[in-house]
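Visitor: This is the structure I have questions about; it appears just below.
The values are calculated or read from the model by the stated rules, or taken from the named source; none is laboratory data. Fair warning: this is a prediction, and the values are worked out from it, not measured in the lab. As a convention, Cβ positions derive from the backbone with ideal geometry for all residues, glycine included, and neighbour counts pool all protein chains shown.
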Amino acid sequence: MALTPSTMPKLGIPAPAFSLPDTSGRTVTLDGFAGAPALLVMFLCNHCPYVKHVRAELAKLGKESLARGVAVVAINANDAERYPEDSPEAMAREVQAAGYAFPYLYDAGQEVARAYGAACTPDFFLYDRNRKLAYRGQLDDSRPENGLPVTGRDLRAALDAVLAGKPASSAQKPSIGCSIKWKVQS
């Protein structure tokens with residue numbers, strides 16, 4: 001398994017628009033989250049051991065964030081033809097098994113992942129009220145192989161800052177995980 005870090009796009013850039021189907025077939029758009037005090041966009045997949053390692057915390061963080069008015073969405077951009085465990089049907093099962101309360105979208109064409117600069121799963125992008133990038137990086141220091149507890153510390157601190165109208169700490173570490181499974185270009 002080759003580890004891939006986040007690309008760490010420049011802070012302050014605007015959230016790219018998206019219009020993608022969720023696991024029930026409903027279309028979800030960036031504009032649909034207008035008015036929320038923050039937007040958390042997570043790039044996930046079903047089979048990555050790094051996502052599996054944090055999935056319970058993602059479900060918990062998602063529910064807590066939604067209760068605070070934060071718009072939360074997860075996007076899977078993996079090539080489902082080569083990785084059928086990341087198909088929309090498997091995503092619907094994952095929503096139920098993981099207890100995700102946020103929409104889980106499928107980026108079949110991978111354009112949204114490219115627009116966000118997503119590189120790995122999990123990869124996190126937190127935008128402020130004006131949809132400017134305030135945080136990009138890791139959930140916390142825990143990894144499947146290091147024995148540290150999964151707390152969501154880094155992302156939680158950024159969420160708290162953004163919701164308080166303050167900038168997130170500039171000390172942001174890249175997320176590490178499996179590379180997005182890009183489609184083979186012919």
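Visitor: Could you go through the stretch 45-64 and let me know if any residue there is within 15 Å of residue 139 (Cα to Cα) and in contact with a helix residue (DSSP H, G or I) (Cβ under 6 Å, 6 or more places away or on another chain).
Guide: Yes, there is a match, as at least one residue in the stretch 45-64 is within 15 Å of residue 139 (Cα to Cα) and in contact with a helix residue (DSSP H, G or I) (Cβ under 6 Å, 6 or more places away or on another chain).
Visitor: A further question follows. For the stretch 22-49: of the residues being closer than 26 Å to residue 92 by Cβ, in a loop (DSSP other than H, G, I, E, B) and small (Gly, Ala, Ser), which is modelled with the highest pLDDT?
Guide: Across the stretch 22-49, the extreme among qualifying residues is 36.
Visitor: Next up: Check the stretch 67-76 and report whether any residue there is in contact (Cβ under 8 Å) with a residue 60 or more places away in the chain, out of contact with any Pro (no Cβ under 7 Å at 6 or more places or on another chain) and either over 15 Å from residue 20 (Cα atoms) or exposed (fewer than 15 other Cβ atoms within 10 Å of the Cβ) (or both).
Guide: Checked the stretch 67-76: at least one residue is in contact (Cβ under 8 Å) with a residue 60 or more places away in the chain, out of contact with any Pro (no Cβ under 7 Å at 6 or more places or on another chain) and either over 15 Å from residue 20 (Cα atoms) or exposed (fewer than 15 other Cβ atoms within 10 Å of the Cβ) (or both).
Visitor: Take the residues in the stretch 7-21 that are among the hydrophobic types (A, V, I, L, M, F, W, C) and part of a loop (DSSP other than H, G, I, E, B); name whichever of them is surrounded by the fewest Cβ atoms within 10 Å (Cβ to Cβ).
Guide: Looking at the filtered set, the residue picked out is 17.
Visitor: Now for a different question. Go over the candidates 99, 109, 69 one by one and state the one that is modelled with pLDDT of 95 or more and under 21 Å from residue 184 (Cα atoms). So that I can check it myself, show each step before the final result.
Guide: Working: 99 fails: under 21 Å from residue 184 (Cα atoms); 69 fails: under 21 Å from residue 184 (Cα atoms).
Sole residue among the options that is modelled with pLDDT of 95 or more and under 21 Å from residue 184 (Cα atoms): 109.
Visitor: Also, quick follow-up: Could you please find all residues in the stretch 35-66 being buried (at least 21 other Cβ atoms within 10 Å of the Cβ) and of a type in the set (Gly, Ala, Ser)?
Guide: 38, 62, 65 - these are the residues of the stretch 35-66 that are buried (at least 21 other Cβ atoms within 10 Å of the Cβ) and of a type in the set (Gly, Ala, Ser).
Visitor: Further question: Pairs needed: first member in the stretch 11-30, in contact (Cβ under 8 Å) with a residue 12 or more places away in the chain; second member anywhere, among the aromatic types (Phe, Trp, Tyr); C-beta distance under 7 Å; at least 6 residues apart or different chains.
Guide: 15/127; 16/116; 20/106; 21/106; 22/104; 23/104; 29/18; 30/18
Visitor: Considering only the stretch 93-109, I want to know if a residue exists there that is outside any loop (DSSP other than H, G, I, E, B), among the polar types (S, T, N, Q) and out of contact with any strand residue (DSSP E or B) (no Cβ under 6 Å at 6 or more places or on another chain).
Guide: Yes, the stretch 93-109 contains at least one residue that is outside any loop (DSSP other than H, G, I, E, B), among the polar types (S, T, N, Q) and out of contact with any strand residue (DSSP E or B) (no Cβ under 6 Å at 6 or more places or on another chain).
Visitor: If you check residue 139 against the conditions, is it buried (at least 19 other Cβ atoms within 10 Å of the Cβ), under 15 Å from the mean Cα position of the chain (by Cα) and assigned to a loop (DSSP other than H, G, I, E, B)? It would help to see each step written out before you state the result.
Guide: On the way: buried (at least 19 other Cβ atoms within 10 Å of the Cβ): yes; under 15 Å from the mean Cα position of the chain (by Cα): yes; assigned to a loop (DSSP other than H, G, I, E, B): yes.
For residue 139, the condition - buried (at least 19 other Cβ atoms within 10 Å of the Cβ), under 15 Å from the mean Cα position of the chain (by Cα) and assigned to a loop (DSSP other than H, G, I, E, B) - is met.
Visitor: Condition test on residue 105, is it surrounded by 14 or more Cβ atoms within 10 Å (Cβ to Cβ) and either of a type in the set (D, E, K, R) or out of contact with any Gly (no Cβ under 6 Å at 6 or more places or on another chain) (or both)?
Guide: yes
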